[in-house]
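The values are calculated or read from the model by the stated rules, or taken from the named source; none is laboratory data. Note that the coordinates shown come from a computational prediction; the quantities given were computed from them, not determined experimentally. Here Cβ is always computed from backbone atoms with ideal geometry, including for glycine, and neighbour counts include all displayed protein chains.
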Amino acid sequence: MKIIKLITIIILITLTSSCSNDESSVLETSANDYLTDGLMAYFPFDGDWEDEVTPNNFVESNSAAPTFKADKNGNTNGSIFFSGAGEYLKLNLQSFSTEQGFTIACFVRNEMEQPAIAQRFLADHPNGEIAMTTTTADVSRIGGNMYFQIDQITQTTGVNYGHTHTAEVVSWHHLAMSFDGQVLRFYFDGEFLGDFLVGEEQNGSPIYQTYSDFILGGSHDLQTFWSGCIDELFFYTRALSDQEVQQLYNR
């Protein structure tokens, strides 16, 4: 009997930058106009790294704490900034599980300067089985593609799924990935890009995992660090619909 384990979910963007709607919705939102159904954590990064769902939730930083820069709308100190010099945050999400499904979404702006360097900016700790990653296309830091990847490992073989998408340069982008317990779905700037049935090619099912900590600004093992801005980071305990992801993008 083959057992398939969901090992890695990576969103990889080759883009460059520096920090600097459609249908109406009747979806359940808070007074601040964000989706509340299934919301586990929300980090607006408006001058601090507080979780609005659970204020004073445990968030750890190292001595080289990240700073803040303007967000996508130009608001001063409206996004969190990592220089790549060792800053990171460890977010304690208290039993974030893939079994019932999840969605992770955020705005991101890449500042990695070295070409073709793939660097994680969000990953579960300590295994790195769920991750978001960016890379820079070339020395001139212009152009590139966006690549989505899922790795699965069985007892005897490995399976890789991928999706490539052209990314607009020198601007903020919205990334989202969702999982309903069977199907993984990927979004770029509010638009659905593709999905994958987990275990489809091996006629199996994933082994569901529970995570407590996520690293922001570096790799899961804190061996490498990312440079760029992150804003409006959401964690949900369910898979959002296409319309709901679009609503997050339109905030």
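Can you tell me how many residues in region 29-75 are among the hydroxyl-bearing types (S, T, Y), assigned to a loop (DSSP other than H, G, I, E, B) and in contact with a Lys or Arg (Cβ under 8 Å, 6 or more places away or on another chain)?
Here the count works out to 1.
Counting just the residues of region 178-215 that are farther than 17 Å from F235 by Cα, among the polar types (S, T, N, Q) and assigned to a loop (DSSP other than H, G, I, E, B), which one comes out modelled with the highest pLDDT?
Checking each candidate, the answer is Q182.
Run N127 past the list (1) at pLDDT below 80; (2) not in a loop (DSSP other than H, G, I, E, B) and report the number of the one that doesn't hold.
(2)
One residue is enough: does region 53-68 have a residue meeting the conditions in contact with a Phe, Trp or Tyr (Cβ under 6 Å, 6 or more places away or on another chain), at pLDDT below 70 and surrounded by 14 or more Cβ atoms within 10 Å (Cβ to Cβ)?
No; the residues of region 53-68 include none that is in contact with a Phe, Trp or Tyr (Cβ under 6 Å, 6 or more places away or on another chain), at pLDDT below 70 and surrounded by 14 or more Cβ atoms within 10 Å (Cβ to Cβ).
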